[in-house]
Amino acid sequence: MYAQMIKSEASTEDPKQLKEFQAKIDDNIKVEPRDWMPEGYRKTLIRQIGQHAHSEIVGQLPEGNWITRAPTLERKMILLAKVQDEAGHGLYLYAAAETLGVSRDDLTEQLLSGKMKYSSIFNYPTLNWADIGAVGWLVDGAAIMNQVPLQRTSYGPYSRAMIRICKEESFHQRQGYDIMMKMAQGTETQKKMAQDALNRLWYPSLMMFGPSDAESVHSTQNMAWKIKMNTNDELRQKFVDQTVPQAQYLGLTIPDENLTWNEEKGGYDYSDPDWSEFFDVLKGNGPCNVDRLEARNKAWDDGAWVRDGLMAHAEKKRAAKTAAE
Ligand code: 3HC
């Protein structure tokens, strides 16, 4: 339906302008906020950047939950810095989306009302400290795999935001792997916790790349517009190939009986996640969907006095400046 809407919008646009726009994309010239762009391109970017920004913000919840329970002061400081980074990523991305003519309040309202999506992964719980390691290792690892190519995306403000974000994400992935190393080399119980975290988070991490290429609604058009640089399955394969040796190094087992090296394709054959579970999570039925939206709505309501205070202060300053002129 969405793809149809994009097509029908394009049918009312000037074919010459559309052709010139596509030529610019093909020549790898960045599109900037004041440039002409097809309405479908603009809407798709708002959708993708908005969902991405929401993911950064909602993604703070499962990890933020462990700041007060980190096992050492050093781990607490690292986790605190990481969670703050995610807030910063959300802000860069909301700012990039705003250049397309949507307001941050509007995007926030759509998140809070459940109209806009955020990454499926954040609807899974973090039950213990090993999960924080697995989130950094797998979730941030999957995020980087998807986001490094997005540094070359065609929309200038998005591409520039991604360059800053990727620098920080690679630190996030390493801190997660470092936690996993400590756990995997620790006591028998700690090793079991690390394995259990991998067992629970492996398939949800594979889902982060989106549905299979056959089911992906937006890939074809978005790749033509270079909003997206790779298909979902391409990136998922790269993630599996990168992560399997890392698990082996930890002495942990990827929970997939079908995992085998395929010499011909130069990558691993692996089992797909349960796609019915993925679509169910997208519909709002994951283990934490309700909690996540409740937490975001509560934070928004609790922060109303801060926003009101800032607005009143800005208004006062503006009035004082006008009076002095
Ligand atoms: N979670 C939630 N929704 C998902 C999803 C996921 N893992 N994967 C796909 N979807 C949704 C799509 O948004 C689309 O829904 P919509 O039409 O209602 O918007 C639908 O499923 C069909 O999927 P498509 O493959 O057609 O969608 P896309 O072409 O948009 O591809 C994507 C999905 C690969 C996630 C792409 O949007 C993308 O690359 N986005 C930018 C990166 C991003 O959002 N990352 C979030 C990860 S978490 C993060 O960054 C936080 C970090 O700190 C860990």
Exercise. Sort out which residues of segment 129-145 are within 19 Å of Q60 (Cβ to Cβ), within 12 Å of the ligand (Cβ to nearest atom) and buried (at least 22 other Cβ atoms within 10 Å of the Cβ), and write them in order of number.
Key: V135, G136, W137, L138, V139, D140, G141, A142, A143
Quiz item: Any idea which of I254, I227 is surrounded by 15 or more Cβ atoms within 10 Å (Cβ to Cβ), near the ligand (Cβ under 9 Å from one of its atoms) and either in a helix (DSSP H, G or I) or β-branched (V, I, T) (or both)?
Solution: I227
Practice problem: Tally the residues that are in contact (Cβ under 8 Å) with a residue 40 or more places away in the chain and charged (D, E, K, R), restricting the search to segment 183-196. | Solution: 2
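Just a yes or no: is a residue in segment 263-273 closer than 27 Å to N65 by Cα and either modelled with pLDDT under 95 or of a type in the set (S, T, N, Q) (or both)?
Among the residues of segment 263-273, not one is closer than 27 Å to N65 by Cα and either modelled with pLDDT under 95 or of a type in the set (S, T, N, Q) (or both), which makes the answer no.
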Self-check item: segment 118-154, subset touching a Ser or Thr at 6+ places or on another chain (Cβ under 9 Å) and charged (D, E, K, R), residue farthest from T243 (Cα to Cα)
Solution: R152
Quiz item: Scanning segment 51-62 for residues that are within 9 Å of the ligand (Cβ to nearest atom) and of a type outside the set (V, I, T), which turns out surrounded by the fewest Cβ atoms within 10 Å (Cβ to Cβ)?
Solution: Q51
Exercise. Report the residue count in segment 144-166 for those that are farther than 12 Å from I49 by Cα and assigned to a helix (DSSP H, G or I).
Key: 11
Quiz prompt | Residues (among the hydrophobic types (A, V, I, L, M, F, W, C) and under 18 Å from Q147 (Cα atoms)) located in segment 8-60 | solution = L45, I46, I49, A53, I57, V58
Quiz item: Which members of segment 177-217 meet the condition of being within 15 Å of the ligand (Cβ to nearest atom), hydroxyl-bearing (S, T, Y) and not in a loop (DSSP other than H, G, I, E, B)?
Solution: Y177, Y203, S205
Quiz item: Does N123 meet the test of being more than 9 Å from the ligand (Cβ to nearest atom) and either under 16 Å from L61 (Cα atoms) or in contact (Cβ under 8 Å) with a residue 24 or more places away in the chain (or both)?
Solution: no
Exercise. Within segment 147-169, track down each residue that is within 13 Å of the ligand (Cβ to nearest atom), polar (S, T, N, Q) and crowded, with 22+ Cβ neighbours inside 10 Å.
Key: T153
Quiz item: Applying the selection to segment 23-50, what residues are in contact with a Leu (Cβ under 8 Å, 6 or more places away or on another chain) and more than 13 Å from the ligand (Cβ to nearest atom)?
Solution: P33, P38, R42
Practice problem: Any residue in segment 284-306 that's on the phi > 0 side of the Ramachandran plot: show its pairings with residues that are outside any helix (DSSP H, G or I) at Cβ separation under 7 Å, as long as the two are six or more apart or on different chains. | Solution: G284/G114
Quiz item: Which one is nearest to Q173 (Cα to Cα) among residues in segment 71-108 that are among the small types (G, A, S) and more than 15 Å from the ligand (Cβ to nearest atom)?
Solution: A95
Self-check item: helices (runs of 4 or more DSSP H) (entirely within segment 1-120) containing at least 1 residues that are within 19 Å of the chain's Cα centre (by Cα) and hydrophobic (A, V, I, L, M, F, W, C)
Solution: 39-58, 60-64, 73-98, 104-112
Exercise. Among the numbered conditions (1) buried (at least 20 other Cβ atoms within 10 Å of the Cβ); (2) small (G, A, S); (3) in contact with a Gly (Cβ under 7 Å, 6 or more places away or on another chain), tell me where G114 comes up short.
Key: (1)
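The values are calculated or read from the model by the stated rules, or taken from the named source; none is laboratory data. Note that the structure is a prediction, hence the values are computed from the model and not measured. Glycine also receives a Cβ, built like all others from the backbone with ideal geometry; neighbour counts cover every protein chain displayed.
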